[in-house]
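Accompanying notes for the structure given below.
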Amino acid sequence: MIKLRLKRFGKKREASYRIVAISSLARRDGRPLEELGFYNPRTDEVKLDIPGIVKRLQQGAQPTDTVRSILVKANVFEQVSATAAS
């Protein structure tokens, strides 16, 4: 199964995360299938590749709880349902 989850990078105590599409069996910092965004919890900076995320969600990818809350704040699920309806 493909998951949308966070991949940690950055220095100790200064972590940032990339939102990636990756196999659910792969390790956290393993090679992703695709990088779809960026999240910095210290500054709440978020950059998303919304068309790529919508495509992966339509293909059946499951976001983790943290990624789901980031996507809800960015109103990505509304775009998934809008493209599915048309």
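A short reminder: the numbers here are calculations on the coordinates, not readings from a lab. Owing to the predicted nature of the structure, the values given are computational and were not obtained by experimental measurement. Because the Cβ atoms are built from the backbone with ideal geometry, glycine has one as well, and the counts that use them run over all protein chains shown.
Residue by residue, here is whether (1) outside any strand (DSSP E or B); (2) surrounded by 10 or more Cβ atoms within 10 Å (Cβ to Cβ); (3) under 10 Å from the mean Cα position of the chain (by Cα) holds:
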position: 7; (1), (2), (3): no, yes, yes
position: 17; (1), (2), (3): no, yes, yes
position: 25; (1), (2), (3): yes, no, no
position: 31; (1), (2), (3): yes, yes, no
position: 46; (1), (2), (3): no, yes, no
position: 55; (1), (2), (3): yes, yes, no
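Annotation note: of 57, 33, 4, the sole residue that is in contact with a Pro (Cβ under 7 Å, 6 or more places away or on another chain) and not hydroxyl-bearing (Ser, Thr, Tyr) is 4. In region 35-57, the residues that are under 18 Å from residue 15 (Cα atoms) form Cβ pairs under 8 Å with partners that are among the acidic types (Asp, Glu) and exposed (fewer than 13 other Cβ atoms within 10 Å of the Cβ), at six or more places apart or across chains, as follows: 38/45; 39/45; 42/14.
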